[in-house]
Each structure stands twice: as C-alpha cells, then as structure tokens.
1. Over the chain, with a Gaussian network built from C-alpha contacts below 10 Å, which listed residue (104, 48, 12) shows the highest mean-square fluctuation?
2. Bin by bin, in steps of 5 Å, what percent of the Cα pairs in the stretch 44-91 do you find, going until the bin that has the longest distance?
3. With contacts defined as alpha carbon pairs under 8 Å and 6 or more residues apart, what's the relative contact order of the chain in percent?
4. Once you charge only the Cβ atoms, +1 for Lys and Arg and -1 for Asp and Glu, what is the size of the charge dipole of the stretch 45-121 about its Cα centre, to the nearest 20 debye?
5. For the stretch 1-119, what are the per-bin percents of Cα-Cα distances with bins 5 Å wide, up to the bin holding the maximum?
6. What does the stretch 1-52 give for Rg and for Dmax, in Å, if only its C-alpha atoms count?
7. Which is farthest toward the positive dipole end of the chain among 84, 102, 40, measuring Cα position about the Cα centre, with Cβ charges +1 (Lys, Arg) and -1 (Asp, Glu)?
8. Amide H of residue 100 versus every other amide H placed in the peptide plane: which residues, excluding those fewer than 5 positions away on the same chain, fall under 5 Å?
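Bear in mind that the values in this text are calculations on the coordinates, not laboratory data. As the structure is a computational prediction, the values presented were derived from the model and not from experiment. With ideal geometry, Cβ positions are generated from the backbone for all residues, glycine too; neighbour counts draw on all protein chains shown.
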Amino acid sequence: QVQLTDSGGGSVQAGGSLRLSCANSGTIFSSLDMGWYRQAPGNEREFVAGIASSGSRYYADSVKGRFTISRGNAPNTILLQMNNLKPEDTTVYYCVGGWGDLMVLSTVTYWGQGTQVTVSS
C-alpha cells in the first residue's frame, strides 16, 4: 500500500523560493515514478514534474529552469525545489505516484492530500 504525505507549501513574494516534500509510506517506492501535479480552482490538473524509478527527471515547460525535482535524503521521499516563483504558480500542489510517465494523467495512481502555494506580486 502507498500513502503519500506532501508538505512545504506556504506564501512567498514573486521571485522567492519554496521547497515541497513528499513522503511515501509504502514499500514500493523504488519502482514508482514520483512527481507533482497542481490544480487551481476551476482548472484542470496540470503536470509539474516527475522523477522516474531510473532517476531521470522530466518537467512541464512552464517550470523548466525554475523547479527541480529530486529524491530526498530521508528514505522514500522526494523534493520539489521551486525557485523564481511567479504569481501564476499559485495553486494547490499534489504529490503523485504511478507506474510510468506521469505526464499522462491516467498513469497517476496515488495522490497526496495537497499543499497550498501562494505567490504574491
């Protein structure tokens, strides 16, 4: 069983940084692709970043060069370092996991509870 717990959201001014964390309490962490989606009210869910079981990383064009996904030092954790944040990054971010390319929404099997990120101009 997999349970994702995401944290680290908050409020910053434009240009600032935040780091999100996700802990996977399950036992199949190493075989999952892990990553992040975000969803603003009234909008569709949007892929943000993913890290494959192989370690390769992939990003949405909107965050390339600003966000970095990585595996944390703590077991079964991933991190999302978000730099140069913009007001349009404001929304709820969800840690996700699945077997395969997380850019495909139907691949996502597991969801965290979400953490709010607010960027003021």
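1. Highest fluctuation of the listed residues: 104.
2. 5, 19, 30, 24, 14, 7, 1
3. Details: 299 pairs, mean separation 42.6, N = 121.
It rounds to 35 percent for the chain.
4. Around 160 debye, computed over the stretch 45-121.
5. 2, 13, 25, 27, 20, 10, 3, 0
6. Answer for the stretch 1-52, Rg first and Dmax second: 13.3, 38 Å.
7. Positive-most Cα among the choices belongs to 84.
8. 33
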